[in-house]
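J.: Provided herewith is a single structure, encoded as structure tokens, for subsequent inquiry.
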Amino acid sequence: MTHPSPTPSAPASLECATHGSAGGAYLCAHLLQQPVQTWFCNPPTAEEPCPDAWCAACEQVFQQQGEWNEKNEGQADIRLVCQHCYDDARAASVQAMDERTRNAWIDTVAACHGMLAESQARLTADYGLSAHERWDYDQGSGTLTFSNGGVPAVVADVEFIGSISKTSGTWRWSWANFSLHPQVVGRISAVRQYGLDNGFAPLVVPQWKADVVDGWEQAGVAAYVLHAQGVYRAPTDNGYLFMAIMGIRKVTPSGGS
């Protein structure tokens with residue numbers, strides 16, 4: 001769903017008492033005061049990484065009028081904040097699930113983990129991915145290649161799921177990482193939509209505090225939604241990158257697949 005903005009474009013820079021000079025963003029006062037609730041906003045884009053956001057009460061006001069106008073804009077009490085304050089509040093909303101939804105999320109994670117374990121076992125048996133000397137991925141072609149002595153042995157088609165940063169201690173979905181090539185993020189938005197459809201906040205919040213265990217949990221659910229054949233976790237300079245294996249094949253010595 002596209003949410004029309006009640007505000008002009010946020011300023012490129014403002015002074016925040018907590019974070020200093022930073023970009024601006026808008027959200028309603030209710031989210032600023034209590035971020036652990038459902039957020040209504042568009043997905044982030046490269047042009048608008050912090051889309052205007054408001055709470056369920058403000059959404060109801062908007063729906064009653066069918067538009068933003070002088071009457072309901074005042075009720076929404078939209079505030080201008082720095083992008084870091086916005087990101088911190090957004091990250092906190094990962095906990096915004098009622099008991100029933102949280103239990104459904106736990107069950108989903110467990111079921112997907114079981115399916116992923118079976119998929120990983122098949123990949124190990126059929127392709128022995130951990131036994132190869134090196135791996136290299138190419139975003140432009142959307143491939144992950146395993147090789148020995150400089151000779152490719154296995155090639156996988158991949159979709160980037162997300163990454164764990166040890167520096168910030170966060171998980172970041174690839175659909176919110178605009179430095180990535182379109183070839184490796186063409187399908188991941190389906191995982192966000194699955195989160196929206198089921199109220200699973202961890203699949204909808206772009207970035208939040210997490211560790212490697214959380215990364216595997218998100219990757220397992222993503223693999224299920226994407227009908228992936230498995231997941232590969234690649235080390236990075238400050239953490240790990242999780243990739244869904246969408247297709248995989250052995251390379252013959254002559255160079256054919």
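The values are calculated or read from the model by the stated rules, or taken from the named source; none is laboratory data. Note that the structure is a prediction, hence the values are computed from the model and not measured. Here the Cβ positions follow ideal geometry from the backbone for every residue, glycine too, while neighbour counts run over all protein chains shown.
J.: Taking the stretch 201-235 as the region of interest, how many residues are more than 13 Å from residue 161 (Cβ to Cβ), β-branched (Val, Ile, Thr) and over 13 Å from the mean Cα position of the chain (by Cα)?
T.: 2
J.: Next question. Please pick out the residue among 179, 163 that is under 18 Å from the mean Cα position of the chain (by Cα), polar (S, T, N, Q), exposed (fewer than 15 other Cβ atoms within 10 Å of the Cβ) and not in a helix (DSSP H, G or I).
T.: Of 179, 163, the one residue that is under 18 Å from the mean Cα position of the chain (by Cα), polar (S, T, N, Q), exposed (fewer than 15 other Cβ atoms within 10 Å of the Cβ) and not in a helix (DSSP H, G or I) is 179.
J.: Okay, next question. For the list (1) touching a Lys or Arg at 6+ places or on another chain (Cβ under 8 Å); (2) modelled with pLDDT under 95, I need the number of the one condition that residue 147 fails.
T.: Among (1) touching a Lys or Arg at 6+ places or on another chain (Cβ under 8 Å); (2) modelled with pLDDT under 95, the lone unmet condition for residue 147 is (2).
J.: Same structure again: Please enumerate the residues belonging to the stretch 147-176 that are hydrophobic (A, V, I, L, M, F, W, C) and in contact with a helix residue (DSSP H, G or I) (Cβ under 6 Å, 6 or more places away or on another chain).
T.: Passing the criteria: 154, 160, 161, 164, 171, 175.
J.: What is the residue count in the stretch 113-153 for residues that are under 26 Å from the mean Cα position of the chain (by Cα), farther than 13 Å from residue 245 by Cα and in contact (Cβ under 8 Å) with a residue 60 or more places away in the chain?
T.: The number of residues fulfilling the criteria is 3.
J.: Going through the stretch 223-243 one residue at a time, which ones are touching a Phe, Trp or Tyr at 6+ places or on another chain (Cβ under 8 Å) and in contact (Cβ under 8 Å) with a residue 40 or more places away in the chain? Even if it seems obvious, please write down each step before you answer.
T.: Our first condition is that a residue be touching a Phe, Trp or Tyr at 6+ places or on another chain (Cβ under 8 Å); within the stretch 223-243, this holds for 225, 231-234, 241-243.
The answer is 231, 232, 234, 241, 242, 243.
J.: Looking at the stretch 41-58, I want the residues that are assigned by TED's automatic domain parsing to the domain that holds residue 27 and have a partner that is assigned to a loop (DSSP other than H, G, I, E, B) and aromatic (Phe, Trp, Tyr) with Cβ atoms under 7 Å, at least 6 apart or on another chain. Which pairs are those?
T.: Filtered contacts from the stretch 41-58: 46/178; 53/39.
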